[in-house]
Amino acid sequence: MSLIRKQGRFSPTIPSVFDDFFDRELFNWGNNNFSSTSTTVPSVNIKENMDNFVVELAAPGMKKEDFEVSLDGNLLTISSQRRQEDEKRESGYTRREFSYQSFQRSFSLPKDVVDEDQIRATYKDGLLHLTIPKKEEAKRLAPRRIEIQ
């Protein structure tokens with residue numbers, strides 16, 4: 001079987017695994033948890049049930065004061081910015097270390113569905129947990145039987 005290249009890509013008959021292979025960084029196989037600046041972005045789980053949306057963001061080593069959570073219309077934004085400075089003076093030398101860490105994740109929620117006044121957030125054991133209740137009129141009703149006449 002011969003491979004045909006078209007403008008730097010294999011033909012559509014060859015699985016995209018070849019394209020993925022040539023587009024990846026050599027030593028970064030499938031690690032999609034880094035931003036374009038090579039900083040980590042916390043992983044997020046989003047679940048929906050009849051009454052709520054639940055957002056869980058993994059951010060170990062942080063404090064609840066490090067987070068800012070906002071809802072603007074239907075755009076939920078979770079962000080954090082931390083700055084740490086350390087200076088040591090010993091025997092004629094000074095060592096100063098700086099550390100800056102920030103991220104921002106935004107998610108679009110369905111319009112006119114969220115009860116904004118009842119959103120709750122907690123942070124425990126490295127997990128930021130948001131419960132976003134739905135408005136009563138947006139909750140799914142239980143299935144009902146329809147009689148055939």
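All of the numbers you see were taken from the coordinates with simple rules; none came from a lab. Just so it is clear, the model here is predicted, and its values are computed rather than measured. Glycine gets a Cβ as well: all are built from the backbone with ideal geometry, and neighbour counts include every protein chain shown.
Quick notes on this one:
- Local electrostatic count at E68 - Lys and Arg +1, Asp and Glu -1, tallied over other residues with Cβ under 13 Å: +1
- Kirkwood Rh and Cα Rg combined as Rg/Rh, segment 39-138: 1.16
- Taking I146, I46, I78, I119 and counting other C-beta atoms within 10 Å, the order from fewest to most: I146, I46, I119, I78
- Here V54, V114 are placed in order of increasing Cβ neighbour count within 10 Å, fewest first, which gives V54, V114.
- 18 Å cut-off, amide nitrogen to a point 7 angstrom out along M62 Cα→Cβ, residues in segment 107-142: 107-108, 120-132
- 3J(HN,Hα) along segment 86-98: 9, 10, 10, 10, 9, 5, x, 10, 10, 10, 10, 10, 10 Hz, from the Karplus curve 6.51 cos²θ - 1.76 cosθ + 1.60 with θ = phi - 60°, whole Hz, x for Gly and Pro.
- Förster radius 41 Å - calculated FRET efficiency between E85 and D115, Cβ distance, rounded to 0.05: 0.50
- Within straight-line cross-link reach of K64, lysines at Cα separation under 18 Å, skipping those fewer than 8 residues along the same chain: K124
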